[in-house]
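Enquirer: Once you've had a glance at the structure underneath, I'll fire off some questions.
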Amino acid sequence: MRRAGLWVGVVLVALVILAALVSLVWTPYNPLQVQPTQTLRPAGWPHLLGTDGFGIDILSRLLVGARTTVYVGLVAVSLAAVGGVPLGILAGMLGGWVSQVVLRVTDVLYAFPALLLAILLAAAVGASTTTAMVAIGIASIPAFARVARAATLIVMTQDYILAARACGTSRWTISVRHVLPNIAAVLGVQASVSFGIAILAEAALSYLGLATPPPTPTWGRMLHDAQTYIFSSPVQALWPGLAIAWSVLGLNLLGDGLRDHLDPRLREAT
Amino acid sequence: MRLLVFAASLVVASVAIFLVVNALPGDVATAILGFGADPSSVAALRLRLGLDRPLLVRYLSWAGGMLHGDLGRSYLTGEPVSALVSPRVAVTAWLVVISMLLAPLVALPVGMLAAMKRRTWQGAVASAASQVGLSIPTVYAGILLVVVFAVGLHWLPANGYTDLVVGGTWRPAEFVQHLVLPVASLVIVQASVLTRYVRSAFVEVLNEDYFRTARAVGWTRWRALWRHGVRNAAISVVTVIGLQLSTLLVGAIVVEQVFRIPGLGTALLSAVSNRDLIVVQGIVMVLVFAVLVINLLTDLSYLLIDPRLRGGDRR
């Protein structure tokens with residue numbers, strides 16, 4: 001049953017990545033081509049999911065939107081991991097005041113959700129894909145730092161760390177050779193969960209016009225555009241939202257499945 | 001100690017906000033006047049807005065003003081930021097507070113059901129529902145609700161907002177009508193997050209010895225779970241509600257846009273598009289302040305719920 005969740009997650013996520021890759025080489029129509037005679041077509045043939053208020057094929061825009069989503073998510077999660085994991089390992093290995101400082105810093109960062117950071121950046125330098133990625137990335141640092149710290153604390157109690165220490169291995173070598181590989185799996189779970197959160201954040205930001213600017217299609221802005229025609233063509237708003245929910249559901253199932261796979265004892269509790 | 005950490009966090013947050021807005025490249029005066037503007041008028045505007053002063057001086061005057069409720073004046077209209085903010089705080093607060101109270105009311109029964117019946121189809125349905133709710137962006141929840149209840153059924157308005165009291169007369173019906181859909185879209189997402197935590201907290205209780213003992217002396221499952229489970233689950237629920245507050249605030253900002261509600265979020269976003277940086281700075285500070293206050297209250301509420309923590313440090 002639980003295994004099923006993992007596989008459903010894998011399939012959902014794989015399809016999103018596939019859509020993003022396919023959009024690099026092929027889309028049914030040009031996702032930027034405005035066709036004034038083809039506006040607000042219902043789903044059917046030749047436009048499988050219909051057209052939007054500009055007469056642009058919705059399926060084509062969805063496929064290209066997958067690319068934006070995957071790109072922003074990947075970069076944001078990488079940023080968060082690069083920023084948070086070393087902090088967490090440091091706090092976990094050294095303990096004491098270092099650990100306290102890291103915890104307090106993450107506390108303050110928790111008060112800055114991605115949206116507020118993105119708003120600050122957009123106000124200061126103008127909204128772009130980069131400001132969105134940076135904002136989402138920074139906002140996800142505390143989660144990685146905390147998970148890395150907790151996992152490091154467990155690893156540090158193991159005998160192989162004691163053995164390495166006894167051999168005079170330096171702290172740096174221990175952290176890279178022993179700690180990092182042993183917490184990698186937990187970090188993978190976190191990455192999957194954070195990726196889902198990043199997709200939700202990106203959708204909200206691009207809905208508000210605080211991320212990738214037009215004309216590049218994003219799922220969030222498609223929702224925004226569809227809202228304009230909500231009375232005349234409400235079905236249009238379904239597709240981009242479904243795409244977002246699909247991806248996030250996939251990543252959450254993947255994350256849960258991986259965690260259960262790693263630690264069967266948690267299966268019951270979560 | 002907790003108050004000290006709270007104060008330090010406020011200072012760190014205000015410095016961070018100030019630096020992001022002011023120390024990054026991009027000149028406010030040029031932004032307001034446009035890139036083709038005459039350099040001497042740009043210089044005059046900088047002087048008038050006090051932008052020629054060193055960063056540290058500007059930070060101290062901004063932070064000093066905040067201590068007695070002065071958030072500065074809008075670069076565009078000259079209006080005090082606090083006058084712009086205060087009527088809108090109530091609007092956003094309604095959204096956030098009502099959702100924060102309703103979410104646990106939905107999540108507790110659903111989470112308990114999911115825990116009790118976790119080996120049957122009812123539990124699976126409850127878990128699946130919360131999993132799906134978790135994956136839906138707030139925007140989408142809002143739009144779907146509009147499509148069903150405003151466009152399809154014509155039961156509720158698609159957008160807009162009415163104050164509870166307009167010009168001295170009470171308008172409770174219209175007030176509620178306009179809040180139902182926005183609050184519902186926030187609650188769907190919040191309750192889904194919460195349900196997962198409620199469920200795992202209760203599953204933990206089900207495995208405890210004291211629960212088995214209560215069952216052994218003849219209590220029904222529901223009674224034992226109610227008596228022993230709720231207090232134990234309360235800790236994690238309160239933690240999550242506290243941590244979720246920042247997501248809820250963000251959700252409110254988004255929901256205000258979906259339903260065209262004139263709250264803090266709307267003011268914030270229009271300030272961003274006008275590049276009225278001092279207003280942006282002020283509103284973000286107000287929001288961060290709210291988040292930090294709630295975190296403090298969450299910390300303190302543990303002491304009420306769990307007597308074991310009194311006197312000790314929770315970490």
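The values are calculated or read from the model by the stated rules, or taken from the named source; none is laboratory data. For clarity, every value in this text was computed on a predicted model and none was experimentally measured. Because the Cβ atoms are built from the backbone with ideal geometry, glycine has one as well, and the counts that use them run over all protein chains shown. Heavy atoms of the whole protein, side chains included, go into the accessibility calculation; ligands, DNA and RNA do not. Shrake-Rupley method; radii C 1.70, N 1.55, O 1.52, S 1.80 Å.
Enquirer: If I ask for residues that are in contact (Cβ under 8 Å) with a residue 60 or more places away in the chain and open to solvent by 40 Å² or more (accessible area, probe 1.4 Å), which ones from the stretch B:45-76 would you list?
Expert: Of everything in the stretch B:45-76, those that are in contact (Cβ under 8 Å) with a residue 60 or more places away in the chain and open to solvent by 40 Å² or more (accessible area, probe 1.4 Å) turn out to be B:M66, B:R73, B:L76.
Enquirer: In addition: So, in the stretch A:200-219, of the ones that are of a type in the set (S, T, N, Q) and surrounded by 20 or more Cβ atoms within 10 Å (Cβ to Cβ), which residue ends up farthest from the other protein chains (Cβ to nearest Cβ)?
Expert: Across the stretch A:200-219, the extreme among qualifying residues is A:T212.
Enquirer: A further question on this structure: Can you give me the ranges of the helices (runs of 4 or more DSSP H) entirely in the stretch B:77-169 with at least 3 residues that are among the charged types (D, E, K, R) and either open to solvent by 60 Å² or more (accessible area, probe 1.4 Å) or more than 12 Å from chain A (Cβ to nearest Cβ) (or both)?
Expert: Numbers: elements: B:81-116, B:121-135, B:138-145.
Here the list is empty.
Enquirer: Pick from the stretch A:93-109 the residues that are within 25 Å of the chain's Cα centre (by Cα) and not aliphatic (A, V, I, L, M): which of them is surrounded by the fewest Cβ atoms within 10 Å (Cβ to Cβ)? Break it down into steps so the answer makes sense when it comes.
Expert: Of the residues in the stretch A:93-109, the ones within 25 Å of the chain's Cα centre (by Cα) are A:102-109.
Cutting the leftovers down to not aliphatic (A, V, I, L, M) gives us A:104, A:106-107.
Numbers: A:R104: 14, A:T106: 20, A:D107: 18.
Among those that are within 25 Å of the chain's Cα centre (by Cα) and not aliphatic (A, V, I, L, M), it is A:R104.
Enquirer: Sticking with this one: Restricted to the stretch B:231-248, and to residues that are surrounded by fewer than 21 Cβ atoms within 10 Å (Cβ to Cβ), small (G, A, S) and within 12 Å of another protein chain (Cβ to nearest Cβ), which residue is nearest to B:V180 (Cα to Cα)?
Expert: Result: B:G242.
Enquirer: Something else about it: Pull out all pairs, ordered by first then second residue, where Cβ-Cβ is under 6 Å, the residues are six or more apart or on different chains, the first lies in the stretch B:77-99 and is under 25 Å from B:V187 (Cα atoms), and the second is open to solvent by 60 Å² or more (accessible area, probe 1.4 Å).
Expert: none
Enquirer: Given the structure, is A:A145 in contact with a Pro (Cβ under 7 Å, 6 or more places away or on another chain) and closer than 16 Å to A:V82 by Cβ?
Expert: Criteria not met by A:A145.
Enquirer: Looking at this structure, is B:W94 closer than 30 Å to A:M222 by Cα and either at pLDDT 85 or above or out of contact with any Leu (no Cβ under 7 Å at 6 or more places or on another chain) (or both)?
Expert: Numbers: closer than 30 Å to A:M222 by Cα: yes; either at pLDDT 85 or above or out of contact with any Leu (no Cβ under 7 Å at 6 or more places or on another chain) (or both): yes.
So B:W94 passes the test.
Enquirer: Listed residues B:G251, B:G263; which is under 17 Å from A:L117 (Cα atoms) and more than 7 Å from chain A (Cβ to nearest Cβ)? Reasoning before the result, please.
Expert: Numbers: B:G263 fails: under 17 Å from A:L117 (Cα atoms).
Going through B:G251, B:G263 in turn, just one is under 17 Å from A:L117 (Cα atoms) and more than 7 Å from chain A (Cβ to nearest Cβ): B:G251.
Enquirer: Could you tell me which of the residues A:M222, A:M156 is within 14 Å of chain B (Cβ to nearest Cβ), open to solvent by 10 Å² or more (accessible area, probe 1.4 Å) and at pLDDT below 90?
Expert: On the way: A:M156 fails: within 14 Å of chain B (Cβ to nearest Cβ).
Answer to the selection: A:M222.
Enquirer: Give the residue that is modelled with the highest pLDDT, with candidates limited to residues of the stretch A:164-179 that are of a type in the set (A, V, I, L, M) and open to solvent by 50 Å² or more (accessible area, probe 1.4 Å). Lay out the reasoning, then the answer.
Expert: Start the filter on the stretch A:164-179 by keeping residues that are of a type in the set (A, V, I, L, M), which leaves A:164, A:166, A:174, A:176, A:179.
If we keep only those that are open to solvent by 50 Å² or more (accessible area, probe 1.4 Å) as well, we get A:166, A:176.
Details: A:A166: 88, A:V176: 85.
My answer is A:A166.
Yes/no per residue for (1) modelled with pLDDT under 80; (2) buried (at least 24 other Cβ atoms within 10 Å of the Cβ); (3) facing another protein chain (nearest Cβ under 10 Å):
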| site | (1), (2), (3) |
| --- | --- |
| B:A271 | no, yes, yes |
| B:L292 | no, no, yes |
| B:D306 | yes, no, no |
| B:D313 | yes, no, no |
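Enquirer: For the stretch B:201-230, name all the residues that are part of a helix (DSSP H, G or I), among the aliphatic types (A, V, I, L, M) and more than 10 Å from every other protein chain (Cβ to nearest Cβ).
Expert: Going through the stretch B:201-230, the residues part of a helix (DSSP H, G or I) turn out to be B:201-206, B:209-216, B:221-230.
Of the ones still in play, those that are also among the aliphatic types (A, V, I, L, M) are B:201, B:203, B:205-206, B:214, B:216, B:224-225, B:230.
If the condition is that a residue be part of a helix (DSSP H, G or I), among the aliphatic types (A, V, I, L, M) and more than 10 Å from every other protein chain (Cβ to nearest Cβ), then B:V205, B:A214, B:A216, B:A224, B:L225, B:V230 are the ones that fit.
Enquirer: For the stretch A:225-245, which residues satisfy the criterion of being crowded, with 21+ Cβ neighbours inside 10 Å and within 9 Å of chain B (Cβ to nearest Cβ)?
Expert: A:A226, A:Q227, A:A237, A:P240, A:G241, A:I244, A:A245
Enquirer: Determine whether the stretch B:176-196 contains at least one residue that is farther than 23 Å from B:P262 by Cβ, away from chain A (no Cβ under 13 Å) and either among the charged types (D, E, K, R) or crowded, with 20+ Cβ neighbours inside 10 Å (or both).
Expert: Checked the stretch B:176-196: at least one residue is farther than 23 Å from B:P262 by Cβ, away from chain A (no Cβ under 13 Å) and either among the charged types (D, E, K, R) or crowded, with 20+ Cβ neighbours inside 10 Å (or both).
Enquirer: Also, I was wondering about something else. Is it the case that the stretch B:40-50 has a residue that's in contact with a Leu (Cβ under 6 Å, 6 or more places away or on another chain) and not hydrophobic (A, V, I, L, M, F, W, C)?
Expert: Scanning the stretch B:40-50, I find no residue that is in contact with a Leu (Cβ under 6 Å, 6 or more places away or on another chain) and not hydrophobic (A, V, I, L, M, F, W, C), so the answer is no.
Enquirer: So, restricting to helices (runs of 4 or more DSSP H) that lie completely within the stretch A:19-131, which ones have at least 3 residues that are more than 14 Å from chain B (Cβ to nearest Cβ)? Reasoning before the result, please.
Expert: Numbers: elements: A:58-94, A:96-110, A:114-125.
Ranges flagged: A:58-94.
Enquirer: Could you list, in sequence order, the residues of the stretch B:236-294 that are under 14 Å from the mean Cα position of the chain (by Cα) and not in a helix (DSSP H, G or I)?
Expert: At the first step, the residues of the stretch B:236-294 found to be under 14 Å from the mean Cα position of the chain (by Cα) are B:240-256, B:263-265, B:283-294.
Across the stretch B:236-294, the qualifying residue is only B:G263.
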